[in-house]
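**Student:** Before anything else, here's the structure in question.
The values are calculated or read from the model by the stated rules, or taken from the named source; none is laboratory data. If you're wondering where the values come from, they're calculated on a predicted model, not measured in any experiment. So basically every Cβ, Gly included, is an ideal-geometry build from the backbone, and we count neighbours across all protein chains shown. In case anyone asks, the SASA skips ligands and DNA or RNA and just uses the protein heavy atoms, side chains included. Shrake-Rupley method; radii C 1.70, N 1.55, O 1.52, S 1.80 Å.
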Amino acid sequence: MGLIDLHVHLLPGVDDGPATPDEALAMCRLAGADGSETLLVTPHQRHELWPNDDRLDRLLQFNDRFQR
């Protein structure tokens, strides 16, 4: 059974995680190579440094790209 990461800042441009979708996909590949099977995206919430009211849209966009 693979590792399940319950806290990863993975959405591009949302908080202190990756800046671009390509960086986020690279992080996914690295996590998979290290044995991660599931990554639970957990962006910062309501923090003045990272306004992310559109995080659901970003998640759906990233998931669509990841699936391709």
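**Student:** Would the range 39-61 turn up any residue that is modelled with pLDDT of 85 or more, open to solvent by less than 80 Å² (accessible area, probe 1.4 Å) and of a type in the set (Ser, Thr, Tyr)?
**Tutor:** So far as the range 39-61 goes, no, none of its residues is modelled with pLDDT of 85 or more, open to solvent by less than 80 Å² (accessible area, probe 1.4 Å) and of a type in the set (Ser, Thr, Tyr).
**Student:** Mind listing whichever residues of the range 19-37 are aliphatic (A, V, I, L, M) and not in a helix (DSSP H, G or I)?
**Tutor:** If the condition is that a residue be aliphatic (A, V, I, L, M) and not in a helix (DSSP H, G or I), then ALA19 is the only one that fits.
**Student:** Residues in the range 7-35 that are open to solvent by 40 Å² or more (accessible area, probe 1.4 Å), touching a Pro at 6+ places or on another chain (Cβ under 9 Å) and touching a residue at least 12 places away in the same chain (Cβ under 8 Å): how many?
**Tutor:** Selection size over the range 7-35: 3.
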